[in-house]
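Below: one structure, written as structure tokens.
The values are calculated or read from the model by the stated rules, or taken from the named source; none is laboratory data. As the structure is a computational prediction, the values presented were derived from the model and not from experiment. Cβ placement follows ideal geometry from the backbone for every residue including glycine, while neighbour counts extend to all protein chains displayed. For the accessible areas, the whole protein counts, side chains as well, though only heavy atoms, and no ligand, DNA or RNA atoms are used. Shrake-Rupley method; radii C 1.70, N 1.55, O 1.52, S 1.80 Å.
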Amino acid sequence: MAQRHSHRSTSPRHGARVSVPIAVTVVVVLGAAGGGASWYALNHRSAPAAASGPAACAAGPTVLSVAAAPDLAGVLTPLLAPDPVPCVRVVLTQTDSADMAHFLAGTATASNLTAKPDVWIPDSSLWLDVARTTDRGRAAVPQNGSSVADSPTVVAAPKPVADLLGGPGGQGAQGAQGGADGQGAQGAFSWEQLVKLALSQAQAQGSAGTAAQGGPLVAIADPAHDGSGLAALIVLDHMLGQAVNDPQLKVGITGFVKGMADNVTPSLPELLAKLPQTGATGTTGAGVVAFPASEQKVWQYNSAKPKVPLAALYPSDGSASLDYPLAVLNGADDAHAVAADRLRTYLLATAQDTLHRHGFRSPDGTATQVLAADPELRGNLLEPSARADGGAAVHALALWDTLNKQLRMLAVVDVSGSMAQTVPGTGGQTRLQMTAAACEKAMALFGTRAAMGLWTFTTARGTPGSTEIDTLLPIAELGSADAGGGTHGQHMVAAYGALTDKPGSRNGLYDALLAAYQEVLKGWDPARVNTVVVFTDGKDDSLNSMSSDQLIAKLKAAGDPAKPVRVFVVALGTDVDLTLLNKITAVTGGAAVHFGDMGQMTAAVLGSTTTQ
């Protein structure tokens, strides 16, 4: 098959590079307001400065303080030690990009940073956006930076796993047949493919009440600090926003991100240390199976000749690059501005050979012979695409913060007689059976550290006006040991399986909803997302102790803004009044939704943990 070359635009515009295989068009990432998908193509890149003319340096060299991302600083430190930049003495500090972003924004809760540098080189332009979320940050940080290196974000996997997922460059055993080198026009590896694989494994393992089979499928370096993790999260955040009409995919994406949150490591080096050293691993085996990383990190890992090398998979639905923007922070005087220009010129010219030898690409994304020499990299297939909207990082990090919190949920299930009605298209499954199955399926995606409890409600048969609430199981971590043996999750599964409707009984929705809200509020946990999820197939039968207006008033009176508890109602059947239910749940920041199949119901349970 003929070699396919990349073609990169060198247009110096603003953005965090997203590279995709040739012929693939990516439109990714909703802004923080959720108002349409937009991209800023290279708009974080300002034009490279012209080379400075000869300088006498009569007053001696200008001391330029530079804070650089650790992976870049490790290469630049020995390079800049002999002061190769004319009339400039660079004082280089290795600095976590996220830490500097929050320091400059004034949002750092704790930091060892005490002074603003003259120049900042984070690993991604996305951190410029994070820094500029406050007035203080916008005053300090420019919109633009000049990229001095580039490395696409890939999905890294031990080679045996990558061969199963898609092979180097995203094409392999599971892809379509291509040329002799394994490359084909179809069947390319994608984030969606990986999400669905993770979902299928979670379902194969059963519910969260059963012991997990092996270790984590997909891990991630904390995207609040790792540029490649953040880039991957942005793509997944966009996918979640686009999955409104595909509840099964929404289930998979939310569960996938939740799974990564449960298997996060503080940094990529710590994640790399967990990789298998003595043998192959499979997609369902123990240990780390796949994780987001930069291409440079894969190259660096393989350069040490490990027994199990990594392969880089280039997702066809988005692969954001780390673009290492050199940003001259606002407030520099003329001397430091000139010094920064000279440093930029040096890094864009003389330093490029050294950066290439360490696995980085040129700023325009052009691959090098060094990368081509690694058989597990296929970066020559990439070409530039559009870039994520400026609000993408902040929006994705907000999602991460939400999903990174463990769930504390009380499920409240209607067991009135009408829940025995069959659901069309399910082969005879009743509403109650579908509800139980959806809850069990969702449990498999939350992990054993999630805390859940189970109540049922109805009205007393033959005694109108009396709501019956059965507190079947208290809220507890699914993986915790219960009295009498087994885990709490196992007992939850058994309880769902044993649910039965009560023929002739009616719906006591309002009493049950208020009681559940008060119960979750009473044990409110600041480290968790506290929710009530009510499953019902009808409206309140007006046989209980309050009207809808009275319920709303009581919810408002009981609520505490410092202790949010959101109520969600998942409604089945045709007898529900969604307008009224949404009016009620809106008081708590929740919502009411009407779904007709198990996939949609599972998505609703997962949705109770997100802002999507």
Quick check: is even one residue across region 248-258 at pLDDT below 65 and either within 26 Å of A396 (Cβ to Cβ) or buried (at least 16 other Cβ atoms within 10 Å of the Cβ) (or both)?
yes
A176 being at pLDDT below 95, within 28 Å of H238 (Cα to Cα), among the aliphatic types (A, V, I, L, M) and more than 25 Å from the chain's Cα centre (by Cα)
yes
Please verify whether K583 is modelled with pLDDT of 80 or more, open to solvent by 50 Å² or more (accessible area, probe 1.4 Å) and in contact with a Ser or Thr (Cβ under 8 Å, 6 or more places away or on another chain), treating the condition exactly as stated.
yes
Restricting attention to region 95-102, does a residue exist that is in contact with a helix residue (DSSP H, G or I) (Cβ under 6 Å, 6 or more places away or on another chain) and closer than 21 Å to S228 by Cα?
yes
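This table checks each residue for (1) among the aromatic types (F, W, Y); (2) within 30 Å of A224 (Cβ to Cβ); (3) touching a residue at least 12 places away in the same chain (Cβ under 8 Å).
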site: A398; (1), (2), (3): no, yes, yes
site: G417; (1), (2), (3): no, no, yes
site: G447; (1), (2), (3): no, yes, yes
site: T467; (1), (2), (3): no, no, yes
site: T471; (1), (2), (3): no, no, yes
site: Y496; (1), (2), (3): yes, no, yes
Failed item in (1) at pLDDT below 65; (2) in contact with a helix residue (DSSP H, G or I) (Cβ under 6 Å, 6 or more places away or on another chain); (3) assigned to a loop (DSSP other than H, G, I, E, B), with A202 passing the rest
(3)
Can you confirm whether L80 is aliphatic (A, V, I, L, M), surrounded by 21 or more Cβ atoms within 10 Å (Cβ to Cβ), in contact with a Gly (Cβ under 7 Å, 6 or more places away or on another chain) and modelled with pLDDT of 95 or more?
no
Does region 123-150 hold any residues that are closer than 14 Å to S321 by Cα and under 20 Å from the mean Cα position of the chain (by Cα), and which are they?
D123, S124, S125, L126, W127
With respect to A481, determine if the residue is at pLDDT 90 or above and of a type outside the set (K, R).
yes
From the list A304, A290, A312, A337, exactly one residue is touching a helix residue (DSSP H, G or I) at 6+ places or on another chain (Cβ under 6 Å) and either modelled with pLDDT under 90 or not polar (S, T, N, Q) (or both). Which is it?
A312
Restricting the search to region 586-599, which residues are at pLDDT below 70 and buried (at least 20 other Cβ atoms within 10 Å of the Cβ)?
M598
Between a residue in region 297-312 that is under 20 Å from D226 (Cα atoms) and in contact (Cβ under 8 Å) with a residue 60 or more places away in the chain and any residue that is assigned to a loop (DSSP other than H, G, I, E, B) and of a type in the set (A, V, I, L, M, F, W, C), which pairs come within a Cβ distance under 7 Å, given they are 6 or more apart or on different chains?
V298/L377; W299/L377; A312/L377
Just to be sure before I move on: is S362 surrounded by fewer than 21 Cβ atoms within 10 Å (Cβ to Cβ) and among the small types (G, A, S) in the structure I sent?
yes
Quickly run through region 93-135 and pick out the residues that are in a helix (DSSP H, G or I) and exposed (fewer than 15 other Cβ atoms within 10 Å of the Cβ).
D135
Consider R566 carefully, then state whether it is within 21 Å of G453 (Cβ to Cβ), surrounded by fewer than 23 Cβ atoms within 10 Å (Cβ to Cβ), of a type in the set (D, E, K, R) and touching a Gly at 6+ places or on another chain (Cβ under 8 Å).
yes
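Test V29 against the criterion of being surrounded by 17 or more Cβ atoms within 10 Å (Cβ to Cβ), out of contact with any Gly (no Cβ under 6 Å at 6 or more places or on another chain), at pLDDT below 95 and β-branched (V, I, T), and give yes or no.
yes
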Being aliphatic (A, V, I, L, M), at pLDDT below 95 and open to solvent by 10 Å² or more (accessible area, probe 1.4 Å) is the requirement here; does A396 meet it?
no
How do the pairs read when you match residues in region 570-592 that are more than 12 Å from V533 (Cα to Cα) with residues anywhere that are exposed (fewer than 15 other Cβ atoms within 10 Å of the Cβ), using Cβ under 6 Å and keeping only pairs 6 or more apart or on different chains?
V587/K556
Please note which strands (runs of 3 or more DSSP E) are completely contained in region 519-595 and include at least 2 residues that are over 20 Å from F457 (Cβ atoms).
528-536
Taking region 132-168 and the residues there that are charged (D, E, K, R) and out of contact with any Ser or Thr (no Cβ under 6 Å at 6 or more places or on another chain), the one that is farthest from A68 (Cα to Cα) would be D163
